[in-house]
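Colleague: Sending over a structure as structure tokens; questions will come in a sec.
The values are calculated or read from the model by the stated rules, or taken from the named source; none is laboratory data. These numbers come from a predicted model, not from an experiment. Neighbour counts are summed over all protein chains in view; Cβ atoms, including those assigned to glycine, are modelled from backbone coordinates with ideal geometry. Areas reflect the complete protein model, heavy atoms only, side chains present, ligands, DNA and RNA absent. Shrake-Rupley method; radii C 1.70, N 1.55, O 1.52, S 1.80 Å.
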Amino acid sequence: MSLVQSPTVDCTTTAVNGHDHHRVSTKRKFDDYAPSLDDDDDFNFNDLVSVRMRKDESLAVDSSSAGKNQSSSPSPSAHLDTRVSDAKSAHFSCSTSPPGPTRSASRVQFFIRMISDGNHIVIHANSDDTVKSIHERIKIITGIPVMEQRLIYKGKQLQWEQSLAQCSIQNDAGLHLVGRMRSTKHPQTCQLIDDMVSFISRLCKAGLPCYPYASKHIKSLMNEFFSLTPKDDNESAIGHLQIFMLSSAPAALVMLYVSNIKGNKECAESSIRHFLSSCRSSLPKSLHTQCAPIVLEFCKLLRNVAYNDPLYLCCRSSLGSLLESMGVSRGLVKYGCGAEDVKGLIIQDIFPFVSELAGRLSAELESTVKSETSLGPLASDVRDFSAFLLPLHTTIREQVGFRGPISMPLDKSGFSHPLYAEEIENLYDIFVDLMMKMDWCLTKMEDFLPMKPNGEGESACTRWSQYLAILKELNNIAKHYKKAEEEFWSVLKRTKASLCVLIVKYAKRNDDNQWLLQHKDVTDFESRRHLAMMMFPEVKEDYEELHEMLIDRSQLLAESFEYIARAEPELLHGGLFMEFKNEEATGPGVLREWFFLVVQALFNQQNALFVACPNDRRRFFPNPASKVEPLHLDYFTFCGRVIALALMHKVQVGIVFDHVFFLQLAGRHISLEDIRDADPCLYTSCKQVLEMDANFIDSDALGLTFVREVEELGSRRIVELCPDGKSISVTSKNREEYVNLLIRHRFVISISDQVSRFARGFADICNSGLQTFFFQSLELEDLDWMLYGSESAISIEDWKAHTEYNGYKETDPQISWFWKIVGEMSAEQRKVLLFFWTSVKYLPIEGFRGLASRLYIYKSPEPHDRLPSSHTCFYRLCFPPYSSMAAMQDRLNVITQEHVGCSFGTW
């Protein structure tokens with residue numbers, strides 16, 4: 001049965017407002033395209049021409065729903081619906097003649113061909129039985145209402161009141177059972193599709209090669225069909241589209257596709273692909289999903305050709321794409337049915353595809369483990385699997401009515417929708433099977449870890465490319481079943497190393513990766529950083545898309561504020577192009593320098609925006625007294641943008657956030673232990689209050705009340721922590737509340753505006769709505785490493801290992817002197833030298849291998865008395881061949897004592 005049913009229309013011509021609806025002629029002979037019984041030996045293709053038998057105010061009945069009270073277990077090779085088997089005999093010996101004297105009536109045997117599926121019913125009857133009695137027998141066999149049946153013999157419709165003898169029905173006669181067409185509001189559409197089906201039927205029967213003009217003619221009729229689609233009336237458009245199926249156009253095209261006549265297959269394939277592409281290109285977006293039932297019909301028919309047939313796979317992917325665009329199954333419409341019926345119908349329609357694709361993925365995963373040459377799961381299979389699961393998830397969540405995860409095995413005794421029971425059980429079996437296969441695959445991956453720097457093992461990586469997408473779908477399925485989620489995450493914890501490699505290699509920016517970030521125990525820093533960084537826009541390389549800045553060093557903070565804080569957020573998403581006034585240097589190196597200098601200025605305590613933690617001067621949190629600066633809130637927005645941009649450009653800026661500030665940005669509660677570094681004195685005092693003897697504190701010896709003394713701009717004032725706090729003494733019973741209110745006022749209320757504006761600025765750069773989740777997805781240590789970089793001393797050996805030479809050789813005396821001098825420098829001097837060389841003062845956590853490029857030392861043709869120069873964009877240090885180590889040390893001392901900011905860096 002189709003996903004979408006067209007509106008029911010009247011069976012007779014009716015007058016509305018004085019105008020008659022047109023009746024469409026239904027005298028086109030169905031046997032024009034249905035093979036005759038004489039050709040049955042050469043024709044063995046089921047489920048070709050769908051009959052849309054309709055009943056007023058009721059569901060449509062077609063070949064796939066004829067046995068709607070029966071179902072079989074879905075599998076890649078089994079249909080969910082029940083059908084009459086080919087050449088299945090239905091013997092009836094009873095006669096419908098009225099009671100009376102015994103009379104002689106000859107017995108006849110005849111065949112009724114189901115145009116809906118190409119199967120036969122063998123009927124035994126008396127020659128004086130009425131046609132109506134035959135219709136009633138057909139109803140018993142197929143479930144098709146009598147009113148919806150038409151029997152065709154020798155091109156004529158048999159009338160109910162006639163007997164078989166009057167209709168000249170003889171032994172072994174062949175009758176055709178078709179559906180009754182109704183009057184319609186789209187007569188032109190009906191005639192158009194009728195012409196197309198008749199044309200295709202003649203091609204099938206002609207037995208002659210199909211020439212190119214045939215394909216062009218069919219496509220032209222399709223184009224006209226799409227052009228006739230009402231664009232402003234969805235209900236009318238749905239009725240128009242359904243005529244394509246009601247006229248059995250999909251079946252006719254598939255019949256042409258399976259034809260053995262030269263050119264027929266190519267003609268049909270080209271026409272069907274044209275229809276699929278036209279669904280999107282020729283219709284408004286609002287109508288795309290209404291093509292789903294037609295595409296579903298193509299899929300059902302083509303599945304009988306072969307599961308690997310290219311045209312079937314194309315139709316299946318198109319159907320999956322339509323389901324994906326719907327998002328959830330509630331986007332489907334069914335006329336004449338309740339929502340409950342829609343859900344039930346959808347799950348029956350799509351589950352065969354879910355089962356089929358699950359079987360393919362299972363086989364592909366198993367092949368990956370067993371064969372070194374396996375290519376792994378196909379991206380198209382995973383994509384389709386995901387798409388077909390979408391409405392299935394919604395059906396289980398919203399329609400089945402479970403109040404929580406489903407216990408397996410299923411208790412069917414109290415189950416309100418027994419039709420779903422088998423699908424729910426089978427989906428759980430799919431989860432168990434695929435989860436087992438993924439466990440094998442992830443365990444097998446560990447044989448290749450860690451990946452070799454020279455690329456060895458890359459061939460194995462290609463087999464892994466779809467693992468992450470499959471795991472995401474298994475996680476979605478696991479949410480429906482009790483204990484399934486625990487099993488899922490236990491497997492990922494056990495294979496954490498493999499999962500982290502998959503994340504870094506295959507997680508993409510446009511993917512939904514939140515399911516991974518919610519479970520930090522299955523990821524490491526590198527994988528969490530990779531996922532978090534994809535929440536920022538991608539930095540563009542096109543100069544035209546960069547936000548340009550020209551900054552005066554003497555007005556660094558004020559001019560940077562104007563360029564960044566006053567800009568529309570969208571202008572900053574492509575990246576920045578930075579240049580200092582009166583300097584030739586431009587490019588990424590200058591941008592890295594600008595980030596470092598601006599952040600250092602923003603967090604300089606002289607500017608009163610942030611306060612450093614007493615126990616760790618690298619850590620900062622907002623200053624409650626920042627309002628001494630009139631524009632302080634605007635500067636917090638500016639600061640949020642700058643920090644987000646620095647993260648986006650992967651620049652370490654040498655500061656980190658205090659735990660309290662980090663927790664607020666993540667939207668989390670602040671406890672006593674969280675304030676240890678931010679305010680050691682308050683932490684100690686609160687601990688003493690909580691641990692103090694109850695009798696002592698109840699004696700009011702401390703004289704504490706629910707107030708806090710605040711110092712602002714050199715003056716002190718009292719702030720009540722709760723209404724009438726001055727009159728409430730702190731006792732052993734309320735001291736916990738007192739401590740909580742004290743912490744809340746000190747670290748939440750007093751800096752709420754500052755935190756809010758910083759978060760707003762950060763959100764201007766971070767992708768919409770993800771700024772809070774960005775901080776929730778990371779550990780504080782993760783953010784430390786991303787903002788500050790490595791805390792380890794710079795390793796000379798690592799530095800040398802990542803440096804190459806141009807004009808010099810590693811054995812030249814100047815190179816030996818250089819590394820010896822660097823080895824004798826202090827840690828701070830090395831940072832200054834590295835900053836001069838690369839505009840990087842703080843290395844990434846990975847050390848030199850985490851930089852965007854290797855480092856280079858170039859021989860300069862300058863005179864021997866010249867200072868070294870650098871091109872920070874290219875990580876290039878240049879110096880002339882100094883005549884002695886002393887001369888070189890003298891020049892290096894100059895650049896490591898005072899930063900030289902001009903005449904280096906090129907775009």
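Colleague: Does region 621-677 classify as rounded, prolate or oblate by the C-alpha gyration tensor (a ≥ b ≥ c root eigenvalues; a/c under 1.5 gives rounded; else a/b over b/c gives prolate, otherwise oblate)?
Modeller: It is oblate, given that a/c is not under 1.5 and a/b is not larger than b/c.
Colleague: Another question about this same structure. Once you have a ≥ b ≥ c as the square roots of the Cα gyration tensor eigenvalues for region 664-794, tell me rounded if a/c is under 1.5, and otherwise prolate or oblate according to whether a/b is larger than b/c.
Modeller: prolate
Colleague: Could I have the simple spin-label model distance between E737 and K820, label points 7 Å from Cα toward Cβ, reported in nm to one decimal?
Modeller: Going by the 7 Å Cα→Cβ label model, 7.4 nm.
Colleague: Just how far, in whole angstrom, is region 627-644 from region 226-246 if you go by their alpha carbon centroids?
Modeller: Value for the Cα centre distance between the two parts: 56 Å.
Colleague: Return the sequence-ordered ³J(HN,Hα) values of region 744-760 in whole Hz as given by the Karplus equation 6.51 cos²θ - 1.76 cosθ + 1.60 applied to θ = phi - 60°, using x for Gly and Pro.
Modeller: Each residue of region 744-760 in turn: 4, 5, 5, 10, 10, 5, 5, 10, 4, 5, 5, 5, 4, 6, 4, 4, 5 Hz.
Colleague: Rank by packing, highest mean first: peptides 120-128, 302-310, with packing defined as the count of other Cβ atoms within 10 Å averaged across residues.
Modeller: Ranked by mean Cβ neighbours within 10 Å, highest first: 120-128, 302-310.
Colleague: Enumerate the calculated ³J(HN,Hα) couplings along region 600-615 in order (Karplus 6.51 cos²θ - 1.76 cosθ + 1.60, θ = phi - 60°), each rounded to whole Hz, writing x wherever the residue is Gly or Pro.
Modeller: Per residue, the Karplus-derived 3J(HN,Hα) values read 4, 5, 4, 9, 5, 5, 5, 7, 6, 7, 10, 10, 7, 5, x, 8 Hz.
Colleague: Could the peptides 817-823, 284-290, 316-322, 872-878 be put in order, highest first, of the mean number of other beta-carbon atoms found within 10 Å of their residues?
Modeller: 316-322, 872-878, 817-823, 284-290
Colleague: At 1.4 Å probe size, what's the solvent-accessible area of E691? Round to the nearest 10 Å².
Modeller: The value for E691 is about 130 Å².
Colleague: Expressed as a whole percent, how much of the Cα-Cα distance distribution for region 475-538 exceeds 14 Å?
Modeller: In whole percent, the share of Cα-Cα pairs in region 475-538 beyond 14 Å is 57.
Colleague: So with the 1.4 Å probe, I'd like the accessible area per residue for region 460-612, rounded to whole Å².
Modeller: Accessible area per residue: 43 Å².
Colleague: Turning to a different aspect of this structure: Provide the net charge surrounding S282, with neighbours chosen by a C-beta distance below 12 Å and charges set as Lys +1, Arg +1, Asp -1, Glu -1.
Modeller: Its environment carries a net charge of +3.
Colleague: With just the Cα atoms of region 154-272, tell me how far they stretch along each of the three principal axes, in Å, largest first.
Modeller: The Cα atoms of region 154-272 stretch 49, 41, 16 Å along their principal axes.
Colleague: Leaving out ligands, DNA and RNA, what percent of the accessible area of region 270-326 is carbon and sulfur, probe 1.4 Å?
Modeller: Reported share for carbon and sulfur atoms: 54 percent.
Colleague: Starting from the Cα of N607, step 7 Å toward the Cβ, then list every residue of region 736-756 with an amide N under 18 Å from that point.
Modeller: Output list for this probe position: 754-756.
Colleague: Return the long-range amide H neighbours of F657 (sequence gap of 5 or more, or a different chain), with a cut-off of under 5 Å between placed amide H atoms.
Modeller: F620
Colleague: So, with a 1.4 angstrom probe, what is the percent of accessible area on region 605-677 that is carbon and sulfur?
Modeller: Carbon and sulfur: 47 percent of the exposed surface of region 605-677.
Colleague: Now a separate question. How do the peptides 506-515, 777-786 rank, highest first, by the average count of neighbouring beta carbon atoms within 10 Å per residue?
Modeller: In decreasing order of mean packing, 506-515, 777-786 become 777-786, 506-515.
Colleague: Can you list the lysines whose alpha carbon sits under 28 Å from that of K520, skipping same-chain ones fewer than 8 residues off?
Modeller: List returned: K437, K444, K452, K472, K479, K482, K483, K493, K496, K505, K508, K650.
Colleague: Restricting things to Cα coordinates, could you compute the convex hull volume per residue of region 536-575 in Å³?
Modeller: Output value, Cα hull per residue: 74 Å³.
Colleague: While we're looking at this one, here's another question. Please give the per residue accessible area of region 657-810, computed with a probe of 1.4 Å over protein heavy atoms only, in Å².
Modeller: That works out to 50 Å² for each residue.
Colleague: Moving to a separate point now. Determine, from the Cβ-Cβ distance of R866 and E791 and an R0 of 35 Å, the FRET efficiency 1/(1 + (r/R0)^6), rounded to the nearest 0.05.
Modeller: 0.50
Colleague: While we're here: Report the Stokes-Einstein translational diffusion coefficient (µm² s⁻¹, integer) for region 204-325, Rh taken as the Kirkwood radius over Cα pairs, at 37 °C with viscosity 0.692 mPa s.
Modeller: Rounded to a whole number, D works out at 222 µm²/s.
Colleague: What is the sum of charges around E356, taking Lys and Arg as +1, Asp and Glu as -1, for the other residues whose C-beta is under 10 Å from the C-beta of E356?
Modeller: Around E356, the surrounding residues sum to +1.
Colleague: Another question, then. From the phi of every residue in region 502-517, what ³J(HN,Hα) in whole Hz does the Karplus formula 6.51 cos²θ - 1.76 cosθ + 1.60 yield, where θ is phi - 60° and glycine or proline is x?
Modeller: Working through the residues one at a time gives 4, 4, 5, 7, 10, 5, 10, 4, 8, 6, 8, 9, 5, 4, 7, 6 Hz.
Colleague: Take the Cα gyration tensor of region 434-547, multiply each eigenvalue by 5, square-root it, and list the three semi-axes largest first, rounded to whole angstrom.
Modeller: One finds semi-axes of 27, 20, 12 Å for region 434-547.
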